[in-house]
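Following: one structure in structure tokens, then a few remarks.
Just so you know, all these numbers are worked out from the coordinates, no wet-lab data involved. Quick caveat: nothing in here was measured; it's all calculated off a predicted structure. Here the Cβ is made from the backbone with ideal geometry for all residues, glycine too, and neighbour counts use every protein chain on show.
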Amino acid sequence: NVLLNPLASPNIIGINAGAGLAVTVCCAAGWLSGWVLAGAAFGGAFLAVLAVSGVSRLVGASRTTVILSGVAVNAFLGAMSDAVTSLVPDAAALSSDFRVGGFGGVVPARLVPAGILIALALGAVLLMGNELEILSLGEDTARSLGLNAGRMRTVFLGLSAVLCGAAVSFAGLLGFVGLIV
């Protein structure tokens, strides 16, 4: 876990909510292409990661602060999604399956773009497994071993945003999966 906290699952710290907001905005705008949804979900997830990281750094990045800032970002992004669906009722109808989550509506047009993004991100994570292992030892130890911990943390957070965003783009907001894992 790059954030060094077992509670830092995507649904707790706002990554899924960021992806969900982006997909809800796409539904409100009528952009329902698989590539658009996958890209928007990644973008929303990545912006949520940046928001959580920024708030954590702003107030002092303890492990508890990361979780609390993630919960705050999650609540804010969820409220924004609710606002979009309130203002654009058609978006609520289009994104209701997405918000509940599930695999019933998965079609190849939505699965292929997400699958490509997942394969690329998993390949990158597997190639950088040693760096991830060193980073898991702690930031001070990683720096003493010559690893740029801040840069690698950002890279791994970006890769986790790609994986979460791509999965959310076709499966919806299945929050309990993170708790099970």
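Annotations for the structure displayed:
- At full extension, L122 and V107 could sit 3.2 nm farther apart than now, given 0.36 nm per residue minus the alpha carbon distance.
- V59-M80 FRET efficiency (beta carbon distance; Förster radius 25 Å; 0.05 resolution): 0.70
- Extension gain, A29-D140: 0.36 nm per intervening residue step, less the Cα-Cα distance, totals 35.4 nm.
- Theoretical gain in end-to-end length, V36 to E133 [0.36 nm per residue, Cα-Cα removed]: 31.6 nm
- In the calculated pair-distance distribution of region 64-169, the portion above 17 angstrom amounts to 68 percent of the Cα-Cα pairs.
- For chymotrypsin sites (Phe, Trp or Tyr not before Pro), the sites in region 70-138 that DSSP calls loop and that have at most 10 other Cβ atoms within 10 Å are F103.
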